[in-house]
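First comes the structure, then the notes that go with it.
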Amino acid sequence: MKYLLVLWIVLCASGTVGFAGEGEGVSQYYSGKIGFYHPSDGLNNGLILGADGITEFERYHILLSLDLDAYPKQSVSVFDNPQPGGGSPPDVTDQQLLLFPFHANVAYELVQIPDAEAKVYLGGGGGYYFYFYSATYQTRTGGLLGGSLSHSSDAKNSGGGFGTIFARIVFGNTFLEPRYFFSSKSMESLGGNTFTIDPSGFSVMIGLQYH
């Protein structure tokens, strides 16, 4: 529920901005989006959610946005060797990853078709990702008869910087947004075992924007 709470806060804040400070040639609005995310090896494919606040300078065909995405995932394989339990894949019985890419973007309007209420933007940006990872795994204690199994739990949170390029194809209030992330890796230790988080990859999201 943590990522839903964060998204709700950002969406409310974006909505407040969207109704203040508008002037001639400037539009402000916010949007919510959902889509498919294909990150680097280990994080696996899954559902990604997002919200953004946008300021558009219509006279200059420039769009600025502030985005927060959320990627919750349980089926990940992020441990390096040696792994929990000493095996491959790791002997993890339960795990949870919450990944939050937070980024600012600028885009230029390449195409506008007024009769179809269609626009195409191309741009890029950068930001910082935060993640929260927890895992429960089996460990074996020594003994004359092969030892016994016990369960251990641990959690880590960290992050790193990333860049992004994207396109935004708008039809009325609906849009399609393909995006590529190129990110630094974050390496941490959990229970004496090293794991790596690398959000590099691409997403394709659809959404609605509200003026």
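Each value in this text was obtained by applying a stated rule to the coordinates, not by laboratory testing. Computed from a prediction, not measured in an experiment: that's the story for all the values here. Cβ sites come from the backbone with ideal geometry, for glycine too, and all protein chains shown count toward neighbours.
Note down the net charge around ALA167, summing +1 for each Lys or Arg and -1 for each Asp or Glu among other residues with Cβ under 12 Å from its Cβ.
Around ALA167, the surrounding residues sum to +1.
Would you mind getting me the FRET efficiency between SER75 and ALA104? Use the beta-carbon distance for r and R0 = 30 Å, nearest 0.05.
0.45
To make sure I understand the rule: partners must be aspartates and glutamates, Cα under 20 Å from the Cα of LYS156, and not fewer than 8 residues away in the same chain. Which ones qualify?
Of all the aspartates and glutamates, those that pass the test against LYS156 - Cα under 20 Å, at least 8 places apart if same chain - are ASP41, ASP69, ASP80, ASP91, ASP94, GLU188, ASP198.
The range 159-191 to the range 42-58: how many Å between their Cα centroids?
When both Cα centres are located, 7 Å separates them.
Quick one: order LEU98, LEU66, LEU208 by neighbouring beta-carbon count within 10 Å, fewest to most.
LEU208, LEU98, LEU66
Give me the net charge for the shell around SER189: Cβ to Cβ below 11 angstrom, other residues only, Lys and Arg +1, Asp and Glu -1.
Charge balance near SER189 sits at -2.
Excluding SER203 itself, what net charge comes from residues whose Cβ is under 12 Å from its Cβ, given Lys and Arg +1 and Asp and Glu -1?
-1
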